[in-house]
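Engineer: Could you have a look at this structure, given as structure tokens, before my questions?
The values are calculated or read from the model by the stated rules, or taken from the named source; none is laboratory data. These figures come from a predicted structure and were not determined experimentally. We place every Cβ from the backbone using ideal geometry, glycine too, and count neighbours over all the protein chains shown.
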Amino acid sequence: MLLALAACTQLPTETEIPPFDPAALNQTAAYLATADFYQTQSAIPTATLPPAITWTPIPTIDRPRPLAKSPTLDVPCNQAAPGNPIDITIPDGTKLTPSEGFSKTWRLKNVGSCTWTRQYAIEFFSGNSMEARYTQYLKQEVEPGDVIDLTVDMVAPDLPGVYQSNWMLKDREGEIFGIGPNGDAPFWVQIEVVPISTATPQPTVVVTGTPMVFKEGTVGLGLGDQFDFDEKLINPQDSNLADVRYQTGDLTPILLSVLNGTKWALFEEGQPEYSDCENASMTDETLGFDESPILSSVCFRSSEDRIGWFELDQITGEQITISFLVWSTP
């Protein structure tokens, strides 16, 4: 019976379980969480933007632009510049004899903005005028940028020395101007006046091998004077250059003493030659003379080691006159 009941009774079938899908589960969870978030939010109103403003270009008049001007420097009315060259004649240092006439010519350029008319002039400014006329008017007009040669006639001074004469230009209003960056510098002529060479009053024997004459002449010395044979100077500013001093004594009216290493020796056979003085036995002893004419010469070796000789020519009271000659160093 039991077997029959078991056969008649139908057992329930086993339920099929679907397989586990992790991707689907994740999508479902994300969806549910997102839905819950939006359901909890209140509605936020959105801002309404104003309508965009459009820009319409304004028509303009087409005007040409003016050309850019480069800055310009103000050019003075009156200004000169040196020509190339400025010294047409008589360059600086030209040697002239006393009272010698000459013509100085400068070349100048008009670098101002005004024309130099014939009412303009070249004007003596300073220095030595050298007998030139102080004002000399131009002989032609000079436009800006042009050059002109200006000539002034002069005469060298009588005495030897270095001389300079400074000149400028003058306009018709009497205002002076010149060269340089500011137009206020003069132009000039500079000369050296040298004495006219004359025949030597005392003949000098020149033979082969004898040095040439370095200095010679005649000089007057007063009591207490010093003299430099090498430079022909009485009482030189640098006393270390002096060779001899003139003094007087109680018994001997004329005493000559050597200075700064100068030495000498009497030579009693007329005028000595270079070899005579070079070989003479010299000392630094003081020489004494009376007032009678001295017929002998004195050889010497100067403080600058030059050979020479001198003679005592004349004695007048406390004044003595000596003639001398110095040879150049061999």
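Engineer: Just to be sure, is LEU312 surrounded by 15 or more Cβ atoms within 10 Å (Cβ to Cβ) and under 47 Å from the mean Cα position of the chain (by Cα)? Working first, answer last.
Structural biologist: Values: surrounded by 15 or more Cβ atoms within 10 Å (Cβ to Cβ): yes; under 47 Å from the mean Cα position of the chain (by Cα): no.
In short, no.
Engineer: So for the range 192-206 (the condition being modelled with pLDDT under 90, of a type outside the set (S, T, N, Q) and surrounded by 15 or more Cβ atoms within 10 Å (Cβ to Cβ)), does at least one residue qualify? Even if it seems obvious, please write down each step before you answer.
Structural biologist: Step one: list which residues in the range 192-206 are modelled with pLDDT under 90, which gives 196-206.
From what is left, the residues that are of a type outside the set (S, T, N, Q) are 196, 199, 201, 203, 205-206.
From what's left, surrounded by 15 or more Cβ atoms within 10 Å (Cβ to Cβ): none.
No, every residue in the range 192-206 fails to be modelled with pLDDT under 90, of a type outside the set (S, T, N, Q) and surrounded by 15 or more Cβ atoms within 10 Å (Cβ to Cβ).
Engineer: Can you name the number of the only condition in (1) at pLDDT below 85; (2) surrounded by 16 or more Cβ atoms within 10 Å (Cβ to Cβ); (3) in contact with a Pro (Cβ under 8 Å, 6 or more places away or on another chain) that ASP290 fails?
Structural biologist: Unmet condition: (2).
Engineer: Could you figure out which of (1) surrounded by 15 or more Cβ atoms within 10 Å (Cβ to Cβ); (2) at pLDDT 90 or above isn't true of ILE254?
Structural biologist: So the condition that ILE254 fails would be (2).
Engineer: Of everything in the range 87-106, what is surrounded by fewer than 17 Cβ atoms within 10 Å (Cβ to Cβ) and either basic (Lys, Arg) or part of a strand (DSSP E or B) (or both)? Give them in sequence order.
Structural biologist: Taking the range 87-106 and keeping what is surrounded by fewer than 17 Cβ atoms within 10 Å (Cβ to Cβ), we get 88-89, 91-95, 97-103, 105.
Matches in the range 87-106: THR94, LYS95, GLY101, PHE102, SER103, THR105.
Engineer: Quick one: GLY261 ticks every box in (1) under 15 Å from TRP327 (Cβ atoms); (2) modelled with pLDDT of 90 or more; (3) part of a loop (DSSP other than H, G, I, E, B); (4) not basic (Lys, Arg) bar one, so which box is it?
Structural biologist: (1)
Engineer: Six or more apart or on different chains, Cβ under 6 Å: which pairs go from a residue in the range 74-89 that's under 12 Å from PHE187 (Cα atoms) to one that's surrounded by 14 or more Cβ atoms within 10 Å (Cβ to Cβ) and charged (D, E, K, R)? Could you list them?
Structural biologist: ALA81/LYS109; GLY83/ARG107; GLY83/LYS109; ILE86/ARG107
Engineer: Just one of SER297, SER302 is crowded, with 17+ Cβ neighbours inside 10 Å, in contact (Cβ under 8 Å) with a residue 40 or more places away in the chain and under 19 Å from GLY217 (Cα atoms); which is it? Before the answer, list the steps.
Structural biologist: Numbers: SER297 fails: in contact (Cβ under 8 Å) with a residue 40 or more places away in the chain.
Of the residues listed, the single one that is crowded, with 17+ Cβ neighbours inside 10 Å, in contact (Cβ under 8 Å) with a residue 40 or more places away in the chain and under 19 Å from GLY217 (Cα atoms) is SER302.
Engineer: Does the range 93-112 hold any residues that are more than 13 Å from ASP171 (Cα to Cα), touching an Asp or Glu at 6+ places or on another chain (Cβ under 9 Å) and not charged (D, E, K, R), and which are they? Steps first, answer last, please.
Structural biologist: Residues of the range 93-112 more than 13 Å from ASP171 (Cα to Cα): 93-109, 111.
Those left that are additionally touching an Asp or Glu at 6+ places or on another chain (Cβ under 9 Å): 93-96, 98-99, 101-109.
Of everything in the range 93-112, those that are more than 13 Å from ASP171 (Cα to Cα), touching an Asp or Glu at 6+ places or on another chain (Cβ under 9 Å) and not charged (D, E, K, R) turn out to be GLY93, THR94, LEU96, PRO98, SER99, GLY101, PHE102, SER103, THR105, TRP106, LEU108.
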